[in-house]
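The values are calculated or read from the model by the stated rules, or taken from the named source; none is laboratory data. Predicted model only: the values in this text are computed from it and were never measured. Cβ coordinates were reconstructed from backbone atoms using ideal geometry, including for glycine residues, and neighbour counts include every protein chain displayed.
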Amino acid sequence: MLRIATVASVAVASFFFAAAPDPVNPDPNSKRTIEGSDTVFIEDMTWMEVRDAIADGKTTAIVATGGVEQNGPYLVTGKHNVVLKGTTDVIARKLGNALVAPIVPFVPEGDIEPPSVHMKYPGTISVTEETFAALLTDICASLRQHGFTDIVLIGDSGGNQSGMKNVAAVLNKKWNGNKSTVHYVAEYYNFPEVTKYLEQNGIKQTPEGYHDDFGMTATMAAVDPNSVRAKQRMKAGKFSINGVDLAPLDKTIKWGHRLIDFRAEAAVKAIKTATR
């Protein structure tokens, strides 16, 4: 009798252990039981939300490259990443069928030893062109694996452009149009057009020798005023750039949103053309 009870207990225990989900390898087809969040950023979504978004047609992935570098005395080192947080959100929502991969902050910023370009300044983080290419390659391959058919590369810094263009060419040749295509969209990097747009709307600047300007500051302020040290600059009487007064802050933020939309429109037009 004891033997029978023991066997039965083992059978019941085995049933429960077998039925328990594997926390590391859950069923990929598990049903999502809660509503998703209103975001286009993959890192802010659950894996189920990403899976269901792809199934619903959001098969374009935006891979944006920023940087960590010196940007004058007032802007945080992650300047480009801050800008991309604002622009990629609007780009993805305007497209309607896109999600945004985690912004790539590590890009070529100069030689590390001996230091050159931005690497001469503390806080800068640089990678080699080879490392940058390898990183982008693995990111694109990951997105392809999960079902994204169009992978869009955009960069907010000039030093990122050739690397992204090369990776797109290499991957498209390797994949030969099978399953996914990588699109390098140069039109996003449109700072000359931004300057022209500002001048046409009465914002004329006199360069002060900083790695900074009104368009960049306004855009960053729209995303996070602390990233341009707004309060500290107002307190110190330094709340201007290139001869343009940044006060009142609300007005500068409104300009930032206008510029985010301006750049997003240019990018969306180019992306739609590339992905037809």
Cβ pairs under 9 Å, 6+ apart, first in the stretch 25-44 and over 19 Å from Gly57 (Cβ atoms), second at pLDDT below 90 and surrounded by fewer than 10 Cβ atoms within 10 Å (Cβ to Cβ): Asp27/Pro21; Ser30/Pro21
In the stretch 199-235, residue surrounded by the fewest Cβ atoms within 10 Å (Cβ to Cβ) [restricted to those that are acidic (Asp, Glu) and under 22 Å from the mean Cα position of the chain (by Cα)]: Asp224
Residue within the stretch 150-166 that is loosely packed, with under 15 Cβ neighbours inside 10 Å, in a loop (DSSP other than H, G, I, E, B) and out of contact with any Gly (no Cβ under 9 Å at 6 or more places or on another chain) present: no
Those residues of the stretch 80-122 which are in a helix (DSSP H, G or I), among the β-branched types (Val, Ile, Thr) and within 15 Å of the chain's Cα centre (by Cα), in sequence order: Val82, Val83, Thr87, Thr88, Val90, Ile91
Number of the exception - Arg233 against (1) closer than 30 Å to Ala61 by Cα; (2) in contact (Cβ under 8 Å) with a residue 60 or more places away in the chain; (3) out of contact with any helix residue (DSSP H, G or I) (no Cβ under 9 Å at 6 or more places or on another chain): (1)
Given (1) touching a residue at least 12 places away in the same chain (Cβ under 8 Å); (2) closer than 26 Å to Trp255 by Cβ, number of the condition Val127 does not satisfy: (2)
Any chance Thr77 is in a loop (DSSP other than H, G, I, E, B) and either without any contact (Cβ under 8 Å) to a residue 40 or more places away in the chain or under 24 Å from Arg229 (Cα atoms) (or both): yes
The lone exception for Gln161 - which of (1) more than 20 Å from the chain's Cα centre (by Cα); (2) closer than 18 Å to Ala270 by Cα it fails: (1)
Filtered residue count, the stretch 262-274, keeping only those that are buried (at least 17 other Cβ atoms within 10 Å of the Cβ), of a type outside the set (Gly, Ala, Ser) and either at pLDDT below 95 or within 17 Å of Phe191 (Cβ to Cβ) (or both): 2
Hits in the stretch 126-140 - residues which are within 17 Å of the chain's Cα centre (by Cα) and surrounded by fewer than 16 Cβ atoms within 10 Å (Cβ to Cβ): Thr137, Asp138
Among (1) aliphatic (A, V, I, L, M); (2) in a loop (DSSP other than H, G, I, E, B); (3) touching a strand residue (DSSP E or B) at 6+ places or on another chain (Cβ under 6 Å); (4) crowded, with 20+ Cβ neighbours inside 10 Å, the one test that Ile62 misses: (2)
Residue in the stretch 171-180 that is aliphatic (A, V, I, L, M), in a loop (DSSP other than H, G, I, E, B) and surrounded by 15 or more Cβ atoms within 10 Å (Cβ to Cβ) present: no
Members of the stretch 93-110 found to be surrounded by 23 or more Cβ atoms within 10 Å (Cβ to Cβ) and more than 14 Å from Phe132 (Cβ to Cβ), listed by number: Ala98, Leu99, Val100
Of all residues making up the stretch 123-149, the number that are part of a helix (DSSP H, G or I), of a type in the set (Val, Ile, Thr) and in contact with a strand residue (DSSP E or B) (Cβ under 7 Å, 6 or more places away or on another chain): 1
